[in-house]
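Structure first, then comments.
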Amino acid sequence: MANWPIFDSTAEIGHNGAMSQRPPRADARRLALARLISMAGNMAAGIALAAVMWERTHSSAWVAAGALSTSLVAGIVTPITGALADRYDRRRVMIGSDLLAAVAFGILAVLVALNAPPATFLVAAAIGAVMESPFVPASRAALPNLVTDEDVPWANGLLGQVSGLSAAVGPLAGGALTGFLSGSVALGFNAVTFVASAWLVHSIRRSFSGDAAAAHASRRSMVREGFGVVRRTPLVRGVIVSGFVAFIGVGFVIAANPALADQEGAGPIGLGALWAGWGIGTIIGATLAPRFLQPERELAIVIIGFTLQGLALGAAAVLPFWFVVASQSLGGIGGGLADPARHTLIQRTVADHLRGRVIAVMEAAGWMSFAISLVAAGLLVDIIGLRDSYALASALFLVGTLLLVALRGRATNVAQPERS
């Protein structure tokens, strides 16, 4: 573990060659640790909510509805809440988001403990999604200001490792807490992780924003400007649209995984293992990604990453259960490569005072495609079957890959920052 960037404690030189009170990479590590803690808690909560929904309803539609309650709301509100990252102090936005999300998920834990109707879980989870929605656009927009320009791929790779590690640890923790204790304990654990994340963000003293004057000038039509940048920039638009198509497949996996684990007798532990296999691969892919993220290669890395994810989901359509768990590491490697590459492309292409809104549009597109797939999954998984659901998810990832290949043929991978 000592060779992973997240555990590298070597001192760094600050911007413009000056030694800062805390090295730039140290601040990025604190942000990454905050994301690790809260994302692991969120993953645990997702497993807990899916397991509780399945236990109480034995319906894939209710499982899909549990995930839909967060994804649909996030897709709708993120362009609005994400714009806060370009208007207000990003540190305060992130801390407020964490603390409000902690309250919402604490309420959800209480509702589960009191055996409230499943519909109330959906409402509480949706409120939690609104509260946490500003964090990712603010943190991704702030990241290039916490490190040197040369370290932006490293920092995105670091956050990719965090995503993988949280995807490996969080589902296992969620499965264990739910299986051995209760779903309410796992959801309460998530609330505590948001508080810990807020404390870590508060400890970062480096500026989270660039030119304050530019940010002030951009306050008019905040949400509309973010969509305008996407519309005017073919590279950004192509990366977002291809992701929108590919991620439609994710909802089918969300809905099918609990039923597959139950069908194979693996229970909550097996459900956690399915996601952990993907998470372990994500750690590997994100560790490798910064080595390849030169401007001329970034789009190609996204293409490779999407292809690997499609192949892994295709394998899940035909392999025995525990081989499916192992095969998901391949998809995780693809995700670990693609995610840092996609964010590095956006960060390098979009100016700081617009970055939060554009990243919010990308996040919203991902959530909306996820929501669409959850609606479709709720209707289709029980009809077409579990294995065919994985095959459909694989096909959608491969279609997204083809869109990226077409984009590579039409647009340059090196773009100047959007300034207006």
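Readers should treat all values here as calculations from the given coordinates under stated rules, not as data from a laboratory. Fair warning: this is a prediction, and the values are worked out from it, not measured in the lab. FYI the Cβ positions are ideal-geometry reconstructions off the backbone, even for glycines, and counts take in every protein chain you see.
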(message) How tilted is helix 234-247 with respect to the longest principal axis of the chain? Cα atoms for both, answer in degrees (0 to 90, nearest 10).
(response) 10
(request) Starting from the amide H of Val350, placed 1.01 Å from N in the peptide plane, find each other amide H under 5 Å away whose residue is 5 or more places distant or on another chain. (result) Glu418
(request) With +1 on each Lys and Arg Cβ and -1 on each Asp and Glu Cβ, and nothing else charged, work out how big the dipole of the chain is about its Cα centre, in Debye to the nearest 20. (result) 1040
(request) Taking the Cβ of His343 as the centre, find all other residues whose Cβ is under 12 Å away and add up their charges (Lys, Arg: +1; Asp, Glu: -1). (result) +1
(request) Rank by packing, highest mean first: peptides 257-268, 304-315, with packing defined as the count of other Cβ atoms within 10 Å averaged across residues. (result) 304-315, 257-268
(message) I'd like the orientation of helix 352-384 relative to the chain: the angle between its Cα long axis and the longest Cα principal axis, in ° from 0 to 90, rounded to 10.
(response) 10
(message) Using Cβ counts within 10 Å as a stand-in for footprinting exposure, how do Leu31, Leu288 rank, fewest first?
(response) Leu288, Leu31
(message) Tell me the angle of helix 152-176 to the major Cα principal axis of the chain, expressed in degrees between 0 and 90 and rounded to the nearest ten.
(response) 20
(request) Determine, for each peptide in 196-207, 370-381, 45-56, the mean count of other beta carbons within 10 angstrom over its residues, then list the peptides with the highest first. (result) 45-56, 370-381, 196-207
(message) I want the local charge near Val136. Using Cβ-Cβ distances under 10 Å, sum +1 for each Lys or Arg and -1 for each Asp or Glu among the other residues.
(response) 0
(message) What is the sum of charges, Lys and Arg at +1 and Asp and Glu at -1, for the other residues whose Cβ falls under 12 Å from the Cβ of Val201?
(response) +4
(request) Please list 142-152, 122-132 highest first by mean number of surrounding beta-carbon atoms within 10 Å per residue. (result) 122-132, 142-152
(request) Going by C-beta contacts inside 10 Å, put Thr233, Thr120 in order with the fewest on the left. (result) Thr120, Thr233
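In percent, how large is the relative contact order of the chain, given Cα pairs closer than 8 Å and 6 or more residues apart? Walk me through the numbers before you get to the answer.
Values: 847 pairs, mean separation 108.7, N = 420.
The value is 26 percent.
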